[in-house]
1. So how many Å³ per residue does the convex hull of the Cα atoms of the range 386-449 work out to?
2. Using a 1.4 angstrom probe on the protein heavy atoms only, line up Lys277, Lys252 by accessible area, largest first.
3. Quick one: how many Å² of Trp338 are accessible to a 1.4 Å probe, rounded to 10?
4. Rounded, prolate or oblate: which one fits the range 282-393, using the alpha carbon gyration tensor with axes a ≥ b ≥ c (rounded when a/c is under 1.5, else prolate when a/b beats b/c, else oblate)?
5. In a shell of Cβ-Cβ distance under 11 Å around His249, excluding His249 itself, what net charge do Lys and Arg (+1) and Asp and Glu (-1) give?
6. With the convex hull built on the Cα atoms of the range 211-308, state its orientation-averaged projected area in nm².
7. What's the center-to-center distance, using Cα atoms, between the range 408-477 and the range 215-271 in Å?
8. Putting +1 on Lys and Arg Cβ atoms and -1 on Asp and Glu Cβ atoms, find which of Pro415, Val356, Gly387 reaches farthest to the positive end of the dipole of the range 298-448.
Amino acid sequence: MRRLFLSLFVAIAAVPTLQAQQLLIVNDNVAIDIHDIDHISYAADPETPYLLTGEMLAVDPKTTLFSQALQLTGMADSLLVYEDENYPTNLSGQMFTAHTKAEGYERGYYQTSRPRRFTMFVETDSVFRAAGINNIDDLKAWAKKTYDEVYPQDASVSNPTDRRNSLNRFVSYHILRHAAGYTSLTPTNDFNTTMASWWPGTTRDVTTYYETLMPYASLKCSYPRDVNPDGIYLNRRGLRNDCTVRGIHIMKDEGGYDHWTDNGCYFYIDNLLAYDKTTQEQVLYDLWRVDFKTLSPDLLNIGFRYGDEILYGLPSAFVDNFETDAELVAISSHHFWWNTYEGDAVYCPNMSRLTVKLPPLPQANWQVRFGYTSNAERPVINTYINGVPQFTNIDLRAFKTFEDVDADPNLFRGPDDYCQGGSPENTLSNLVNNHRVVVGNFYANGEQDNYLTIEVVSNDDSSYLPLDYLEFVPVIQ
């Protein structure tokens, strides 16, 4: 753990008192009322020159109020990491051989490290002032009003370091556990030619979903075309200009969109971001398409190179949200001419069983679909959700005609808003071997984790399973 030098203090912790004061404990023995503090700033330790995300926010003159909330909730402590010191250095950069006969790849490289990175969306002080929030008490009151409506059972939780506290929820919902630049938040740059969503007449904007540091809460990033102002929005509902929920726009300043730190990136946003009722009941009550690589921050933090025909992987024990008997979890590099969503896939070579944590879904009944391309070297699988058996003997090898697919209520053609190689004629829906198969149905209560298990039951040694994407569809009862 690196040592921090602050202009005011060295180490802090927030504690409540009987008088409902909020105190900062300095060096374990000096208590300071937070209302007596105008500003918190850092000075970097000369022995450890990294400037991490929380420190950057503390010295950014535009984010003083958000930084104060970050400190008060203790979430700043969560950002004081750079990489996993337990990652096995003997594997660093070594080549592995993976059974990928169907794709023609048999080589890959272990990651040199396991980075710990963050992406943050931050309201500036001027945005807070425009909303009538001028100090930490105003922000606490706004957060309490917003989150008490969604979580009335936690209205009495006053300690801001408690994950059920409203201010804690407000702050933690702004944080993702991986580093993303502006063009990586959605497939907007290298892959905009492959997203049929950008063509006139389509019904879906370019969209990615992420788990946040707020427990059981996801955030939606979308890039609608021909919208003024142009760019990426958070928690938007609708198509392009025809939206029912406008969402939060990521702002650009004189330095651009990205504000990089040594362990991540942060963005300014133009309104208050919250996991409120509108977000849960309108924005997120929709069809989700979730690329497998977004299910683990470790996969998102892999620094693979665009266009390399190799895999990049980590030992499976070092991939959060994945539990498998395979020795490693790897990701392919981007190839926009592949018949896979976003041109990549996740692989667990030689696995017989995988359990993956699903993204946090709002309260509803959900159908889960698995996107795949049929191939003679694919396996037969069984599926489970939260340990409950779902479907058995799903044959991913079998060739299906369009007529076969259209006649099967549990099988769908590939999506029509993504294409191979940027050609409108090559949407995945027009590829006869590209399918979405139902792998489960379950109820999400919005307050617990949910898990999908895939069990390989075929005995064919050549079976190989690319993990491309999942879809979640709300089921109207």
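The values are calculated or read from the model by the stated rules, or taken from the named source; none is laboratory data. Note that the coordinates shown come from a computational prediction; the quantities given were computed from them, not determined experimentally. Using ideal geometry, Cβ is built from the backbone for each residue, glycine included, and neighbour counts are taken over all protein chains shown. Heads up: the accessible areas ignore ligands, DNA and RNA and are worked out on the full protein's heavy atoms, side chains in. Shrake-Rupley method; radii C 1.70, N 1.55, O 1.52, S 1.80 Å.
1. 136
2. Lys252, Lys277
3. The accessible area comes out at roughly 30 Å².
4. Judged from the Cα gyration tensor, the range 282-393 comes out rounded (a/c under 1.5).
5. +1
6. Dividing the Cα hull surface by four gives the mean projection, 8.2 nm².
7. A separation of 27 Å, based on Cα centres.
8. Value computed over the given set: Gly387.
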